[in-house]
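What follows is a set of notes on a single structure, which appears directly below.
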Ligand code: WQD
């Protein structure tokens, strides 16, 4: 059977990027089954696909799920992603993000699943010496979280050398935004990221955003990032599965727009979406923040036929609409 004719197992499919990818896969006509522990994911975020509640380390559950649903390809999102927490509780990241992936891959290989798309991160490059960042930039993680992503990339490489497994590791830049139909979006409960926190500051009247430094060597003094719409990210996963089904070789791909935006750019766009300014104060720099990082996106275009369709305006407009709807629902 061509692997495109089978079902896609999406681990972490009840999470932010995972739930958007599930919807994109379904819109592309793919059958999907989601495996999520619901430790952070939300059941209601899984739309038009069965949800199996469990852990990626439960190999019997993974094998049974693959066999019951005719799984031929895997998209693996399930992981912890709090950079600060990873430095305080490293074992939690080694066990879940790294060892958990080995257990998952072993169960998938035993079930005949050889195509894997892995949720990696631009943070494997740490503070890039050169922007835009290409795929051959040095791998120099600066946190346990980022190291766990780099380690899994290498583990997947070696599975490619010792088995029939082929993989695409997608190195996300800054994922943000929400679905255009407003049905799913980011859960800001635990987020420490700029865009959800800027939305909290402008929507909830009890807080102000801290801007971590305005004295960087950038045009407006604030850090620069490559914000990528979650719908664009989801599409990159769909195209990666097509690439693997067509026999594509194991690779790692930067997934960004190639456009850098500053913190102030984000606050200006948020103010335009909200019709009022974002309340903020200047705070000290945050340790570990690169002054600038943004992607060189041409390899994604050449390899996957993928490029970002949306920019900062769509990201902020959809994020604002989503979080406003959640506030109005009392969530
Ligand atoms: C962005 C900018 C902050 C919060 C994230 C993920 C990382 C990876 C890449 C997936 C920085 C500034 C932030 C705030 C601020 N993605 N900021 N006040 O650190 O670039 O990394 O995307 O793996 O895992 O964490 O994202 O949104 O935290 O910060 O001024 O309250 O906004 O200094 O310049 P980051 P971020």
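Once the Cα atoms are used to define both axes, helix 263-274 deviates from the longest principal axis of the chain by about 90 degrees.
Which of 323, 76 comes first, and how do the rest follow, when ranked by fewest Cβ neighbours within 10 Å? Display every interim value, and only then the final one.
On the way: 323 23, 76 26.
The fewest-first ordering by Cβ neighbours comes to 323, 76.
Neighbour counts of other Cβ atoms within 10 Å put 10, 32, 255, 102 in the fewest-to-most order 102, 32, 255, 10. Need one word for region 144-291: rounded, prolate or oblate. Basis is the Cα gyration tensor (sqrt eigenvalues a ≥ b ≥ c); a/c below 1.5 gives rounded, then a/b vs b/c decides. It is prolate, given that a/c is not under 1.5 and a/b is the larger ratio.
Between 251, 21, 11, the residue with the greatest mean-square fluctuation in the GNM of the chain (Cα pairs under 10 Å linked by springs) is 251. Report, in degrees rounded to the nearest 10, the 0 to 90 angle that the Cα long axis of helix 230-245 makes with the longest principal axis of the chain. It works out to around 20 degrees.
Only helical runs count toward this figure. For the chain, summing -39,500 (n - 2.57) over DSSP H runs of n ≥ 4 and dividing by all residues gives -11500 deg cm²/dmol at 222 nm. Result for the chain in a Gaussian network model with C-alpha springs under 10 Å: among 83, 113, 22, the largest mean-square fluctuation is at 83. Ordering 118, 40 from the fewest to the most neighbouring beta carbons within 10 Å gives 40, 118.
Taking the chain as the reference, fit the longest principal axis to its C-alpha atoms, fit the long axis of helix 144-162 to the helix C-alpha atoms, and give the angle between the two in degrees, 0 to 90, nearest 10. The answer is roughly 30 degrees.
Pairs of Cα atoms nearer than 8 Å and 6+ residues apart set the relative contact order; for the chain it is 19 percent.
Looking at the chain, send over the antiparallel percent of its DSSP beta bridges, to the nearest 5.
Working: 2 of 39 bridges.
Given both bridge residues lie in the chain, the antiparallel proportion sits at roughly 5 percent.
For the chain, a Gaussian network of Cα nodes joined below 10 Å ranks 241, 170, 197 by mean-square fluctuation, and the top entry is 197.
All of the numbers you see were taken from the coordinates with simple rules; none came from a lab. Source: prediction; values computed, not measured. FYI the Cβ positions are ideal-geometry reconstructions off the backbone, even for glycines, and counts take in every protein chain you see.
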